[in-house]
Structures are given as C-alpha cells and as structure tokens.
Amino acid sequence: MNVYPQGALFPEALHRHGLAAYQIGEIDMALKDFTRVVSDYPKSRVAPQAYFMRGWALYMRGQEEESLKVCKSFVDRYPDSEWTPGVIFWIGEYAFNHGSYADAEAQFIKLVETSPKDPLADQGLIWAGRSAMMQKEYLRAVDTFSRLAKPIPPVRVWMRPASCRGIP
C-alpha cells in the first residue's frame, strides 16, 4: 500500500487491511480504513462492504446509536447490495434487543419482502413472529409463522407398465 498508493488495487488493499484489523480487534484502525475507503473511493467495488463495516466497527467501540445510523444509511444507499439483507437483519435484532418490537418486526418483514430468497429470510420470519408476540399480537404472529410453511412439491411415483408387471 505504501509503494503504490495510487494503484488500481489500493482501495481493495485498504479495505482488506481494515478487515484484518477488525478481525484482530484493532477496531480504531479498521474504522479509519473503512472510512477512508468510503470517502476516497466511493465507486470502488469494496465501498459497500466498507460502508457497513464502519457500522460494525462503531458498534464494537460502543457507539451504538452512531452504528445504527450508519447501518440504516447503508440500506438506503445500497438497497441492492449483497450485504443489505444481513444489515437489515442486524437492524431488526438491534431493535428487538432494545425492546422496540414494532420496529424490529418491520425490519424483519422488510428483509423477507425485499430478499425472499436470501438465506436469512426464514430467520426473518421467525424473528418477525417473535416481535409480534412481544407486542401481544398473537394472530399476526401466527400468520407470520405460517409463512414459513412452504408447499412441498408432489412426489412423482413411477409405476411399471402393465406389461412389465411380474418381471422382477
């Protein structure tokens, strides 16, 4: 990074440096790297991940409210990102853990509706149902949980033609 600070791969190298720093607990260094990627290289392919990783780093520093703002801003800025379903899920968890069950339910339903094929979608339904239960909205919780039941495709049974019956 020091040799080619203007190189084409610099934003990715800086981002990976931030990820490595995050992994070893150097949160301040990670936050600095992620912030620089977002501000200096907003069009780079790693900018979306760096954007929400700023939120995670802020959360790890104990700056929960700022972290939440960054994550909500990420969802608005990158609605079609591959990272968006996970960020929406985290926002829902945050709301649930802070007793904001209506907000949590809305986030989990948003995840399911915007990304129904994402691996987190079923978990989103479970947590949306739990959020409804915490609001004592039991019928809505049952309706939400029932969305988890998916139709099972019919089993095709193969039968031997009559002329083959009796032949082992």
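Could you tell me whether Val112 is more than 16 Å from Phe89 (Cβ to Cβ) and part of a helix (DSSP H, G or I)? No; evaluated as a whole, the condition is false for this residue. Could you tell me which residue of segment 137-168 is modelled with the lowest pLDDT, considering only residues that are of a type in the set (A, V, I, L, M, F, W, C) and open to solvent by less than 60 Å² (accessible area, probe 1.4 Å)? Taking the candidates together, the pick is Cys164.
Looking only at segment 73-105, residues that are of a type in the set (A, V, I, L, M, F, W, C), surrounded by fewer than 16 Cβ atoms within 10 Å (Cβ to Cβ) and assigned to a helix (DSSP H, G or I) come to 1 in all.
If you go through segment 52-72 and keep only what is under 26 Å from Leu9 (Cα atoms) and open to solvent by 20 Å² or more (accessible area, probe 1.4 Å), you end up with Arg54, Trp56. Taking (1) at pLDDT below 95; (2) in contact with a helix residue (DSSP H, G or I) (Cβ under 6 Å, 6 or more places away or on another chain) in turn, Met134 satisfies each apart from (1).
The values are calculated or read from the model by the stated rules, or taken from the named source; none is laboratory data. Everything numeric in this text was worked out from a predicted model, so none of it was measured. Heads up, the Cβs are rebuilt from the backbone with ideal geometry, glycines too, and the neighbour counts pull from every protein chain shown. What goes into the accessible areas is simple: the full protein's heavy atoms, side chains included, and nothing from ligands, DNA or RNA. Shrake-Rupley method; radii C 1.70, N 1.55, O 1.52, S 1.80 Å.
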